[in-house]
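To start, the structure itself, in structure tokens.
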Amino acid sequence: MRRRGASVKYARPIRTRSRGGTIALWQGRSRRKPTGGRYRPFRKKRKHEIGREQQFAFLGPERLKLYRTKGANRKVRILGAEFANVLDPKTAVTKKTKILTVKENPSNPHFVTRNIITRGATVDTDLGLAKVTSRPGQDGVVNAVLLEAKRA
């Protein structure tokens, strides 16, 4: 039997979020070697090693977001995409066409139901099925190559 008032260790609930929002994603070198041994840190973490928050390119009215990167350069991120520049490899002609829906996405199957466009996604356009070749979160534009043309 336990004495009354004896200290009992309880597990604290795990906090999934910090008070300031989501936790920053650090993209520096791992502290562990492939063998499991430890690297001794030779410096602290740096600001340029912190990754950006994840924001997806949804199908819808066009919305852009500008980011300042290293060297005062800019990155354009698409938050909403309505049109794609589709290249027809047979005729070597590029046309700006409307994206109807996302048919397949190898990066995540749930992106299909949410209509999220990433590189490698297969989208249905006015011309037919096309595969996205650009990175909308990095380039700020949706470029695609026609896979299968629609029959007229």
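The values are calculated or read from the model by the stated rules, or taken from the named source; none is laboratory data. Small disclaimer: the values here were computed from a predicted structure and weren't measured. Reconstructed Cβ throughout: ideal geometry from the backbone, glycine too, with neighbour counts over all protein chains shown.
Being over 23 Å from the mean Cα position of the chain (by Cα) and hydroxyl-bearing (Ser, Thr, Tyr) is true for just one of 67, 39. Which residue is that?
Criteria check complete, one pass: 39.
If you go through the stretch 49-66 one residue at a time, how many are within 24 Å of residue 29 (Cα to Cα) and either surrounded by 10 or more Cβ atoms within 10 Å (Cβ to Cβ) or touching a Phe, Trp or Tyr at 6+ places or on another chain (Cβ under 8 Å) (or both)?
Number of matching residues: 5.
Could you please find all residues in the stretch 68-81 being surrounded by fewer than 13 Cβ atoms within 10 Å (Cβ to Cβ) and closer than 17 Å to residue 135 by Cα?
69, 74
So, of the residues in the stretch 94-112 that are among the hydroxyl-bearing types (Ser, Thr, Tyr) and modelled with pLDDT of 95 or more, which turns out to be nearest to residue 79 (Cα to Cα)?
The qualifying residue nearest to residue 79 (Cα to Cα) is 101.
Within the stretch 23-48, can you find the residues that are in contact with a Phe, Trp or Tyr (Cβ under 8 Å, 6 or more places away or on another chain) and part of a loop (DSSP other than H, G, I, E, B)?
29, 30, 31, 33, 45
Tell me which of these residue 62 doesn't satisfy, since it passes every other one: (1) touching an Asp or Glu at 6+ places or on another chain (Cβ under 7 Å); (2) free of Cβ contacts under 8 Å to residues at least 12 places away in the same chain.
(2)
How many of the residues in the stretch 104-125 are of a type outside the set (A, V, I, L, M, F, W, C) and surrounded by 15 or more Cβ atoms within 10 Å (Cβ to Cβ)?
Summing the residues that are of a type outside the set (A, V, I, L, M, F, W, C) and surrounded by 15 or more Cβ atoms within 10 Å (Cβ to Cβ) in the stretch 104-125 gives 7.
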